[in-house]
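J.: Okay, handing you the structure first.
Where a number appears in this text, it was derived from the coordinates with a stated rule and is not lab data. These figures come from a predicted structure and were not determined experimentally. For neighbour counting, all protein chains shown are included, and Cβ atoms are generated from backbone atoms with ideal geometry for every residue, glycine included.
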Amino acid sequence: MRDREPIHSLMHQVDVALLGFGNVGRAFADYIGRMSDPRLRLRVRALADRSGGILVESDQALQRILDHKTASRPLRDLGGSATLTDLRAFIEQLPLAGVHVLVESLPTNLKDGQPALDLNRAALCAGLHVVTVDKGPLVHGFAALQQAAQAGGSRLGFTGTTGVSIPDELASERLIEIRGVLNGTTNYILTEMQERGASFDEALRSAQAAGVAEPDPSLDVDGWDTVVKTLILAQALMNADTRLDEVTRIGISRETDDLIRVGRDSHRVVRLVGRARLYQGRVRVSVVPKLVGEDSPFYAVNGTSKLAVFRTASKREVISAARSGRDAIAQTIVDDIVNVIAR
């Protein structure tokens, strides 16, 4: 592993590689091009998609790649012989090119987290800091990634996988429960249904028209996105070993209308809440629509906003809130980069 540069020089300029160049990767590249942050200047020096990886020699070359990917074309069509089709070989070249951080945003694979799990582990072992927004590797290999980071003297940033940031004040606390409204799409749909009187189908179409929901919204509305975000938080903060198939999961659907009607009669609102709690010595995880009253911190969480409540063994409750959107996730990645290089 190469000797690291002093932190003060890293805080001036940091060269990063992007592994995955879909919506999130492009939003991040666009954002840092507009960013004026006194903490650091970020420069994209390498990019990879599933077809291979390429080093970026200049800002002009980066713009050509951005235009190429915006047209939904694979990198190998642009880079020719300069494209490394073996992504492990691409990762091995990054430290030699002066890259310090790998930002990973490959399409999420909830079945086993691959290939991103092995690629992130290889990067961490090679001494690269990894910042990921990909939930699959964290759900299936959180402990393995932490071990790889320790072995490589590197760090893992994953705030983009949890919906909200983990408050620093929890570092010395033992947690006994996490509750969260962690999915902006379902919260937007529920807000439309409860504040505008839309049906589930109308609210879903509105979310899709606004770019909030994917053409296939099943990961969101079926509760899977909230499940994995809750699981990752529980793994990070409660040493949970809960498997995906052990989670109680109920999403939102046309049937949610009935619960909304009950809520109107009792002055409560419906939120899709993920919960991790200690029960009989083990962390249990569930995701279900809940009725919450005005005394709940979730009551005022509407639109695409997100919020989590962390309850400690000392009975403290710590709240973390976040917003959704392209710039919001890009800023989350920037914040994680700052954290991994500064610690």
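J.: Between Asp257 and Gln208, with labels modelled 7 Å along Cα→Cβ, what's the label distance in nm to one decimal, could you check?
T.: 1.8 nm
J.: Here is a further query. Can you figure out the FRET efficiency of Ser72 with Ala328, using R₀ = 35 Å and their beta-carbon distance, to the nearest 0.05?
T.: 0.90
J.: Rounded to the nearest 500 deg cm²/dmol, what is the calculated helix-only ellipticity per residue at 222 nm for the chain, with -39500 (n - 2.57) per DSSP H run of length n ≥ 4?
T.: Result for the chain, helices only: -11500 deg cm²/dmol.
J.: Let me ask another. Roughly how big is the chain's charge dipole about its Cα centre, with Cβ charges of +1 (Lys, Arg) and -1 (Asp, Glu), in debye to the nearest 20?
T.: 520 debye
J.: How high is the relative contact order of the chain, in percent, with contacts defined as C-alpha pairs under 8 Å that are six or more residues apart? List each step's numbers first, then the result.
T.: Details: 662 pairs, mean separation 60.1, N = 343.
Result for the chain is 18 percent.
J.: I've got another one for you. Have a look at Ala203, Asn302, Leu291 and report the one farthest towards the positive end of the charge dipole of segment 168-323, computed about the Cα centre with Cβ charges (Lys/Arg +1, Asp/Glu -1).
T.: Positive-end residue among those listed: Leu291.
J.: Looking at the chain only, what percent of DSSP beta bridges run antiparallel? Nearest 5 please.
T.: Approximately 65 percent, going by the DSSP bridge assignments.
J.: In the chain, how many lysine pairs have Cα atoms under 20 Å apart, counting only pairs 8 or more places apart or on different chains?
T.: Taking the chain as the scope, the lysine pair count is 7.
J.: Which of the trypsin sites (Lys or Arg not before Pro) found in segment 143-203 are in a DSSP loop and have at most 14 neighbouring Cβ atoms, other than their own, within 10 Å?
T.: For trypsin sites (Lys or Arg not before Pro) across segment 143-203 that sit outside H, G, I, E and B with at most 14 neighbouring Cβ atoms in 10 Å, the list reads Arg174, Arg196.
J.: With a point put 7 Å past each Cα toward its Cβ, work out how far Ala342 is from His267 in nm, to one decimal.
T.: 4.4 nm
J.: Just the number, please: percent antiparallel of the DSSP beta bridges in segment 7-157, rounded to the nearest 5.
T.: Bridges in segment 7-157 that DSSP calls antiparallel: roughly 25 percent.
J.: Can you give the extra length, in nm with one decimal, that the chain gains between Leu244 and Glu169 once fully stretched, where that is 0.36 nm per residue apart less the Cα-Cα distance?
T.: 24.2 nm
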